[in-house]
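The values are calculated or read from the model by the stated rules, or taken from the named source; none is laboratory data. Computed from a prediction, not measured in an experiment: that's the story for all the values here. Every residue, glycine as well, gets a Cβ built from its backbone with ideal geometry; the counts of neighbours run over all protein chains shown. Only protein heavy atoms, including side chains, enter the accessible area calculation; ligands, DNA and RNA are left aside. Shrake-Rupley method; radii C 1.70, N 1.55, O 1.52, S 1.80 Å.
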Amino acid sequence: MKKIIYSLLLCLLLSPAASAKNDTKNDISRNLRIFNSVYKELISNYVDTIDAQKSLATAINSMLGEIDPYTEYYPADMQDELLSLSTGNYAGVGSYLQKRKQGIVFSQPRWDSPSRNAGIRHGDIILAVDDLTVTDETAIDEVSKRLRGQAGTKVNVKVHRPYVTDSILNFEITRRQIEVDPLPYYGMLRDGIGYVGLTTFNANSADALKDAIIDMRSKGDLKALILDLRGNGGGLLESAVSIVGNFVPKGTEVVTTRYKEPGNYKTYKTTRKPIDTELPIAVLTDGGTASASEIVAGALQDLDRAVIVGNRSYGKGLVQNTRPLPYDGLLKVTVARYYIPSGRLIQAIDYSHRDSLGNVTRIPDSLTNVYYTAAGRPVRDGGGITPDVTVKQKETNRLLFNIVRDFWAYDFATKYAAEHSGESFSPDSFEVNDSIFNRFKAFIDPEKFQYDHYCETGIKYLREAAETEGYMTDEVRERFDELEQLLKHDLNHDLDHNRKDIIDLLDYELCDRFFSESDIVRRTLRHDDDVDEAVAILISPERYKMLLTPAKVSDNK
């Protein structure tokens, strides 16, 4: 049924006759009337019962999925998430949910949230929310909707808590307004360098950043600043412009949005008095830095106002607006592309061009174009923001990937927290010692823990190649057997070999059970390669200046 409705929409609304370039209003009206008639006929006469509302929602979402991942339809009862992203607050219990094999769980009750204060803990499996019995068939959106509500109202939740004896627990949670803090931690690091970590761009982000800088200045000699945008998926464009406005003269052009019609564009300039236009700044980026955070990083790079450190950003150069729909619905639709001060578009994927299977790919570096910063440094479009200084990422492997994917570290931390529920730990002295690491090793069930054994797989392929090409003599077979024994995987050995990285995973998960987000960020900064590199740049005025100076300004830029 979904395919029927989806095909109708595609044929009628995405056909050449319906394109904005060639259609008249009458053509569009005719196609919509045809769709309406066909849809009514299906609802009235199709041999099986059709859920009209669900089918139409599926058709709309499928059609939008053919455009880009950012154009989305929100019916009246599904707009809380969109509202919370734009305003920075919502009313609810303050916890992330996750679908697991065990059911729907409270995956991360936030620090000082109604859920955590009521007694909810990581990994609690939801059995009921008020009169809703939660089963394997229950949609996570339905549970989320039940948990949200007006501030001051109560919701009753029944959970099963793993790793404890009296595992069925009931909680009454009083909902309240949940403010999404865009700046969970800031503070002075060393050598007069301040750190600010922004996690989102909502209506509060620019003022939060300004207040943090003023506070750090009042407590010491602020000589330079690290602005951490890693993992920041963006938010409000206006917030990004305001944040840049803290560091550049009032009236500086930050970004231009260009719309569908030729000549239809809007230029955004800073409107606030800056805090400091000379303070050295290093901006941290990674693959999770996207959208509005890329506007900030890209604009500061184009204006030669900051050194970008870390790894290439995501590459989202599209702008969305919301449009009202009948019956209180909303359409979040891509309406424009944005261009940062050098004139470049950093969008990494062209969704209008797909292969025969409907897939899209990133624009290859060979097809990107060179632009120039205000000082004449070359920068490229398409593919995100490339750092001025790239920090090599830590390599991972299938063992570490599976520890995360299959929740081994998460579940061990949940078990450990349950066994130490009455204890308190200090964020400054807590560490994952040998005892905790060995307990984690014992927690892993070798029969259930699956990961790729590259050495054994490689030997298998070599055996097959030797057989195929006629080299498999008795002597070669004997050598293969010897090599196979030498390289036979041992889980205990593999865990020990990856001890440092596993301890980092355990440290984060355990700290997430015991400490606030601010404490967790402060702890991680002690062993952060990107931060260390940024500090090394900022404490060296000569290096900082060199990175912002073009090696040679082209005569015909």
Rough spin-label spacing in nm, given labels placed 7 Å along Cα→Cβ, for Val335 and Ala52: 3.1
Cβ-derived FRET efficiency at R0 41 Å, Asp365 paired with Ser37, nearest 0.05: 0.25
Flagged links, alpha-carbon separation over 31 Å, of Lys158/Lys210; Lys250/Lys316; Lys316/Lys392; Lys54/Lys101; Lys145/Lys415; Lys145/Lys210: Lys158/Lys210; Lys145/Lys210
Estimated distance in nm for a label pair at Ser167 and His420, the labels positioned 7 Å out from Cα along Cα-to-Cβ: 2.3
Residues Val404 and Glu475, FRET efficiency given R0 of 51 Å [Cβ-Cβ distance, rounded to 0.05]: 0.75
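Which loop trypsin sites (Lys or Arg not before Pro) in segment 419-505, with loop taken from DSSP, have no more than 10 other Cβ atoms within 10 angstrom of their Cβ?
Values: sites: Arg439, Lys441, Lys448, Lys460, Arg463, Arg477, Arg479, Lys488, Arg499, Lys500; in loops: Lys448, Lys488.
Qualifying residues, ordered by number: Lys448.
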The chain: radius of gyration and largest Cα-Cα distance (Dmax), Å: 27.4, 81
Rounded if a/c under 1.5, otherwise prolate or oblate - segment 336-454, Cα gyration tensor axes: prolate
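Heavy atoms only, 1.4 Å probe, whole protein assembly: order Ile363, Ile28 by accessible area, highest first.
Ile28, Ile363
With a/c under 1.5 counting as rounded, go ahead and sort segment 168-207 into rounded, prolate or oblate using the C-alpha gyration tensor (a ≥ b ≥ c being the square roots of the eigenvalues; past the cut-off, prolate if a/b is larger than b/c, else oblate). The partial results should precede the final answer.
Details: a/c = 4.65, a/b = 2.06, b/c = 2.26.
In terms of gyration-tensor shape, oblate.
Rolling a 1.4 Å sphere over the protein heavy atoms, what is the accessible area per residue of the chain, to the nearest Å²?
Solvent-accessible surface per residue comes out at 54 Å².
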Computed lengthening from Arg526 to Glu179, 0.36 nm per intervening residue step minus Cα-Cα distance: 122.2 nm
Rounded if a/c under 1.5, otherwise prolate or oblate - segment 181-304, Cα gyration tensor axes: prolate
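Based only on the alpha carbon positions, what is the Kirkwood hydrodynamic radius of segment 386-433, in angstrom?
Working: mean 1/r = 0.0713 Å⁻¹.
Result for segment 386-433, one decimal place: 14.0 Å.
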Paramagnetic reach from Asn321 in segment 245-269 [backbone N under 13 Å; point 7 Å along Cα→Cβ]: 257-261, 264-267
Computed [θ] at 222 nm, deg cm²/dmol, the chain (DSSP H ≥ 4; -39,500 (n - 2.57); rounded to nearest 500): -11500 deg cm²/dmol
Contour minus Cα-Cα distance for Ala374 and Gln98 (0.36 nm per residue): 94.8 nm
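Using the crude model of +1 on Lys and Arg Cβ and -1 on Asp and Glu Cβ, and no other charge, please compute the dipole size for segment 247-291 relative to its Cα centre, in debye to 20.
Once rounded to the nearest 20, the dipole reads 300 debye.
Give me the percent of the accessible area of the chain that comes from carbon and sulfur atoms, probe 1.4 Å, all protein chains in place.
Of the solvent-accessible surface of the chain, carbon and sulfur hold 51 percent.
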Charge context of Arg190, other residues only, Cβ under 15 angstrom, K/R +1, D/E -1: -1
Segment 264-338: trypsin sites (Lys or Arg not before Pro) in DSSP loop, at most 11 other beta carbons within 10 Å: none
Check: segment 309-436 dipole with +1 on Lys, Arg Cβ and -1 on Asp, Glu Cβ, in debye: 900
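What is the ratio of the Cα radius of gyration of segment 358-399 to 2.2 N^0.38 Å, with N the residue count, to two decimals?
Details: Rg = 14.8 Å, N = 42, 2.2 N^0.38 = 9.1 Å.
Taking N as the residue count of segment 358-399, the ratio is 1.62.
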Computed FRET value (nearest 0.05) for His497 with Glu467, which takes r as the C-beta separation and R₀ as 30 Å: 0.45
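Provide, as a two-decimal number, the C-alpha radius of gyration of segment 332-375 over 2.2 N^0.38 Å, N being how many residues it has. Provide the component values of the computation, followed by the final result.
On the way: Rg = 13.3 Å, N = 44, 2.2 N^0.38 = 9.3 Å.
Taking N as the residue count of segment 332-375, the ratio is 1.44.
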The chain - charge dipole about Cα centre, Lys and Arg +1 at Cβ, Asp and Glu -1, debye rounded to 20: 2400
Gain on full stretching of the segment that runs from His160 to Asp504 - 0.36 nm per residue minus C-alpha separation: 121.0 nm
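Net charge near Asp528: determine it from the other residues with C-beta under 12 Å of the C-beta of Asp528, scoring Lys and Arg +1 and Asp and Glu -1. Intermediate results must be reported in sequence, preceding the final value.
Working: positive: Arg230, Lys394, Arg522, Arg523, Arg526; negative: Asp228, Asp286, Asp504, Asp529, Asp530, Asp532, Glu533.
Summing Lys and Arg as +1 and Asp and Glu as -1 gives -2.
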Qualifying trypsin sites (Lys or Arg not before Pro) for segment 94-164 [loop in DSSP, other Cβ within 10 Å: at most 15]: Lys101
Å³ per residue enclosed by the Cα convex hull of segment 386-487: 217
